[in-house]
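Okay, structure first, notes after.
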Amino acid sequence: MSSAQFPIRRMRRLRRTAALRRLVAETHVVPSQLVWPQFVVHGEGVRRPIATLPGVAQLSVDQLVKDAERAASLGLGGIILFGIPATKDATGSEAYDDQGIVQQAIRAVKRAVPDLVVIGDVCLCEYTDHGHCGVIEHGEVANDPTLEILAQQALSHARAGADIVAPSDMMDGRVGAIRKMLDENRFENIAILSYAAKYCSGFYGPFREAAQSAPQFGDRRSYQMDPANAREALKEVRLDLEEGADMVMVKPALAYLDVIRRVRDAFDVPVGAYNVSGEYAMVKAAAQKGWLDEQRVVLEILTGVQRAGAEIILTYHAKDVARWLKAC
């Protein structure tokens, strides 16, 4: 019998042309998988570039609506909103104010583009004067007192018309508190996308400028995950699903591809990954220097994230990727 060895088996046959490569590709990045993060601020006609995130800006609601319309026309999966409040205080009160900036933005986007999926990020760090993701008691982030505030924030997003709420704070029990609050207020159909495995990462630096959310003391190691731990991520995901999460997310993406794969293999739910600000900024900086081909590298990165197991990818590259893919 003949063995399937060279020259009979030639692996290059199916790599010979672009058409053949497309035909047999195992992984396909498409715009409908991509969620475009947006930073919304008070005011009108505001489109304020963020220095550390080239191509990204803080937007007033009227400008956000224009980008939301563009997202819909490009076939993106949706947008996720981060708000910069008019004022900050110890409990982040604008986070759960029905007239807060994100709540205004959700209503405006859903009026203009009702079919676009709108996700409200549920966290307090942008809204508190201390920059932490929960309330402070005795110099520490207090878990349980924070849960009620997060639940109220999620409820305010649901009232405004959000399709999905996405708790990113990493407080223990927050998914259960949010699910209970939504269900008690007849928002049982609002989905929860949990930042289930969110690591305390050095890749968040540009985001903190964009969202004006840097902690004013200490760091977030006491509530975000230790980058050394992978098995712990599976425990976090399991707990969030037991509490009522519909989808889960790993953040960041590139340094945690193994975690994405472990989560994908262990749980039969939609899995997301956040291609975070530092990952975006590194590519942009290198591309501006002419050190790499931006389009090629971005598509390779997102293909790798999807290949690891993420069906949903939050990325600042979303608009450009959708445009590139349409041009192919």
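The values are calculated or read from the model by the stated rules, or taken from the named source; none is laboratory data. No experiment lies behind these values; they were computed from the predicted model shown. A quick note on method: Cβ atoms are made from the backbone with ideal geometry, for glycine too, and the neighbour counts reach across all protein chains shown. Surface accessibility is based on the protein's heavy atoms, side chains included, excluding ligands, DNA and RNA. Shrake-Rupley method; radii C 1.70, N 1.55, O 1.52, S 1.80 Å.
Figure note: H317, H42, H138 ranked by solvent-accessible area, largest first, 1.4 Å probe, ligands and nucleic acids not counted: H138, H42, H317. Axis of helix 61-73 versus longest Cα principal axis of the chain: the two differ by about 30°, to the nearest ten degrees. Each principal axis of the Cα cloud of the range 188-328 was evaluated for its coordinate range; sorted largest first, these ranges are 46, 40, 30 Å.
T303 contributes about 40 Å² of solvent-accessible surface, heavy atoms of the protein only, 1.4 Å probe. Counting only protein heavy atoms and a 1.4 Å probe, the range 4-126 has 50 square angstrom of accessible area per residue. Between N189, N275, N143, the residue with the greatest mean-square fluctuation in the GNM of the chain (Cα pairs under 10 Å linked by springs) is N189. Here the simple spin-label model places points 7 Å from the Cα toward Cβ, and for C200 and E242 these points are separated by 2.4 nm. Exposure check, 1.4 Å probe, all protein chains in place: K251 carries approximately 10 Å² of accessible surface.
Taking 19 Å as the limit for the C-alpha separation, the pairs K198/K235; K88/K110; K251/K289 exceed it in the case of K88/K110; K251/K289. Its Cα centre serving as origin, the chain has a Cβ charge dipole (Lys and Arg +1, Asp and Glu -1) of approximately 2320 debye.
Placing pseudo-labels 7 Å out from each Cα toward the beta carbon at R15 and T87 gives an inter-label distance of 6.3 nm. Estimated translational diffusion coefficient (Stokes-Einstein, Kirkwood radius over Cα pairs, 10 °C, 1.306 mPa s) of the chain: 78 µm² per second. When the chain is treated as a GNM with alpha-carbon contacts under 10 Å, the residue of R16, R262, R296 showing the greatest mean-square fluctuation is R16. Between the Cα long axis of helix 294-308 and the first principal axis of the chain there is an angle of about 80°, rounded to the nearest 10. Projecting the Cα atoms of L257, S73, W324 onto the dipole axis of the chain, where Lys and Arg carry +1 and Asp and Glu carry -1 at the beta carbon, places W324 farthest toward the positive end. What is the helix-to-structure angle for 101-112, meaning the angle in degrees between its Cα long axis and the longest Cα principal axis of the chain, kept from 0 to 90 and rounded to the nearest 10? The angle comes out at about 60 degrees.
Rounded to 0.05, the FRET efficiency of the N185 and V46 pair, given R0 = 45 Å and the Cβ-Cβ distance, is 0.90. With all protein chains in place and ligands, DNA and RNA left out, the 1.4 Å accessible area ranks C133, C328 as C328, C133, largest first. Of all aspartates and glutamates in the structure, the ones whose alpha carbon falls short of 15 Å from that of K319, not counting any fewer than 8 places away in one chain, are D67, E69, E294.
Each stretch of four or more DSSP H residues adds -39500 (n - 2.57); spread over every residue of the chain, this sum gives -12000 deg cm²/dmol at 222 nm. Could you look at the range 134-196 and say what percent of its accessible area is carbon and sulfur, using a 1.4 Å probe and all protein chains? Of all accessible area on the range 134-196, carbon and sulfur atoms account for 44 percent.
For L325, the accessible area of its heavy atoms, probed at 1.4 Å with every protein chain present, is near 50 square angstrom.
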